[in-house]
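Q: Handing you this structure, nothing more for now.
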Amino acid sequence: MDLQFKISKDFIEEIQEFVSNDDRGAILNAISTLHEADIAEILDVVSMEEAKYIFRLLEDENASDVLVELEEDVRVKFLDALSAKEIAEQMDNMDSDDAADIMAEMSEEKQEEVISQIEDPQQAIDIAALMQYDEDTAGAIMGTELICVNENWTTDQCIEEMREQAENVQYIYTVYVVDNQKRLTGMLSLKSLLFAKKGTLVKDIYIENVRYVDSYESLEEVASMMKKYDFVALPVLNPDKILIGRITIDDVVDIIQEEAEKDYQMASGISDNVESSDSILALTRARLPWLIVGLIGGVLGAEVIGLFEEQLGDFPQIALFIPLIAAMAGNVGVQSSAIVVQGIASNNIDLTGISGRLLKELGVALLNGIVCSIIILLFIFLVKGDLTLGLTVSLSLLAVIIFAGIFGTLIPLLLHKRNIDPALATGPFITTTNDVIGLFLYLYIGYLFYF
């Protein structure tokens with residue numbers, strides 16, 4: 001397998017030429033050493049007909065891995081182009097969690113058709129069971145393939161049973177120990193198993209007090225636990241404490257990446273999870289709500305300026321620094337909210353200590369505000385020669401930075417406390433609100449100074 005290979009335009013064109021010439025041998029020879037992810041990348045960029053042609057040349061196990069590696073939006077189109085029988089053949093070779101994820105991308109009608117054509121009845125049952133879990137829970141991403149031994153077995157019996165179970169498990173991270181009711185009691189170290197004397201009982205050498213997650217635990221909690229304790233696999237139990245599956249680190253990495261992409265889009269003012277390849281209507285629907293929020297904010301800002309229209313007419317120099325105040329208010333608010341959202345995501349912020357967090361942010365805002373205010377005061381006094389204007393802008397800037405810092409900290413904390421994604425607070429909402437209130441503070445302080 002060539003792990004250093006990179007897909008080039010020339011290579012893609014060569015593959016497409018092989019397809020047009022119906023040269024199956026050349027295609028298989030060209031992709032024989034490639035990783036499944038590289039083959040998936042090829043299928044992502046060629047036409048659908050070419051992708052189906054190449055896919056049908058792959059061996060079953062290789063084909064199923066490639067299907068898992070495809071980009072989600074491409075895979076959805078690909079699944080539509082494949083028959084239920086072709087998809088079912090791939091499901092037999094997949095881990096149950098991957099199969100369930102892919103199944104969820106199809107219509108209910110096609111799901112039923114595919115499930116009915118899966119040859120392995122246990123695989124069909126496992127996939128159907130996983131699809132019953134909410135997509136944001138541990139059960140939705142767990143796999144049912146694992147190595148499990150009974151605490152009452154001897155080490156000899158244990159090894160024989162493990163050999164049989166290992167046929168259905170691609171990677172063995174941990175050997176779990178259960179009692180006669182299939183309830184998790186611990187895990188077995190391979191080292192302990194290898195060094196144990198013949199006839200030793202598993203319950204005499206296994207490790208107790210294993211960390212686990214409930215099947216209905218949130219994905220956020222799962223990711224946090226695996227990150228904190230550096231787990232590569234985590235057992236999943238049902239409400240009766242029966243071992244029903246495991247979550248592996250590759251599943252959690254995918255979840256973390258998806259959450260990061262989602263938060264980045266929300267922070268950018270995109271309300272739905274979209275891809276660049278989505279339709280114009282889908283992209284518009286995702287962006288328009290927050291553009292309207294910005295538009296309303298702009299109207300409110302204009303109304304604030306209108307309240308002080310007479311004063312601005314008498315002292316137009318105040319208007320010169322309106323963009324500065326608005327920009328600083330938005331920047332400080334986004335900075336503060338971004339730090340808080342990051343802390344919430346990594347569980348580094350205790351929501352019971354909101355007052356402490358606000359006091360800390362107040363100190364940061366005060367220090368930053370003083371430094372920025374002194375700089376702008378010196379600039380206006382030395383360049384413009386207007387001390388009154390300098391004091392107006394500098395004091396306004398200090399007030400705006402303090403307000404924006406506190407507001408940007410408080411809003412994501414309150415959103416999280418009400419189970420609303422705090423990433424909303426890092427986007428146009430914070431920027432727009434701080435712009436409007438920042439303008440009001442600036443113009444009102446100017447009014448006090450000049451009138």
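Q: Got a number for residues in the range 134-178 being under 25 Å from residue 250 (Cα atoms) and part of a loop (DSSP other than H, G, I, E, B)? So that I can check it myself, show each step before the final result.
A: Our first condition is that a residue be under 25 Å from residue 250 (Cα atoms); within the range 134-178, this holds for 134-149, 162-178.
With the extra rule that they be part of a loop (DSSP other than H, G, I, E, B), the set shrinks to 134-136, 142, 144-146, 169-174.
Total meeting the criteria: 13.
Q: Continuing with this model, one more query. So in the range 338-387, with the set limited to residues that are part of a helix (DSSP H, G or I) and of a type in the set (S, T, N, Q), which one is modelled with the lowest pLDDT? Please lay out each step first, then the result.
A: So in the range 338-387, the residues part of a helix (DSSP H, G or I) come out as 338-345, 351-384, 387.
Pick out the ones that are also of a type in the set (S, T, N, Q) and you get 342, 352, 355, 368, 373.
Values: 342: 71, 352: 52, 355: 73, 368: 92, 373: 93.
Restricting to residues being part of a helix (DSSP H, G or I) and of a type in the set (S, T, N, Q), the top hit is 352.
Q: Within the range 280-328, how many residues are among the charged types (D, E, K, R), modelled with pLDDT under 85 and surrounded by 12 or more Cβ atoms within 10 Å (Cβ to Cβ)?
A: Looking only at that region, the number is 2.
Q: Between a first residue in the range 68-82 that is in contact (Cβ under 8 Å) with a residue 12 or more places away in the chain and of a type in the set (Gly, Ala, Ser) and a second residue that is assigned to a helix (DSSP H, G or I) and surrounded by fewer than 18 Cβ atoms within 10 Å (Cβ to Cβ), which pairs have beta carbons less than 8 Å apart while being 6 or more apart in sequence or on different chains?
A: Matching pairs, first to second residue: 81/48; 81/52.
Q: Just to verify a result, which residue in the range 355-391, among those that are of a type in the set (S, T, N, Q) and either closer than 20 Å to residue 444 by Cβ or not assigned by TED's automatic domain parsing to the domain that holds residue 446 (or both), is surrounded by the fewest Cβ atoms within 10 Å (Cβ to Cβ)? Full working, then the answer.
A: Here is the first cut: in the range 355-391, the residues of a type in the set (S, T, N, Q) are 355, 368, 373, 388.
Subset that is either closer than 20 Å to residue 444 by Cβ or not assigned by TED's automatic domain parsing to the domain that holds residue 446 (or both): 373, 388.
Details: 373: 21, 388: 14.
Restricting to residues being of a type in the set (S, T, N, Q) and either closer than 20 Å to residue 444 by Cβ or not assigned by TED's automatic domain parsing to the domain that holds residue 446 (or both), the top hit is 388.
Q: I've got another one for you. Please verify whether the range 230-241 includes one or more residues that are under 23 Å from residue 257 (Cβ atoms), assigned to a helix (DSSP H, G or I) and touching an Asp or Glu at 6+ places or on another chain (Cβ under 9 Å).
A: Within the range 230-241 (the criterion being under 23 Å from residue 257 (Cβ atoms), assigned to a helix (DSSP H, G or I) and touching an Asp or Glu at 6+ places or on another chain (Cβ under 9 Å)), the answer is no, since none of the residues qualifies.
The values are calculated or read from the model by the stated rules, or taken from the named source; none is laboratory data. Keep in mind it's a predicted model, so treat the numbers as computed, not measured. Cβ sites come from the backbone with ideal geometry, for glycine too, and all protein chains shown count toward neighbours.
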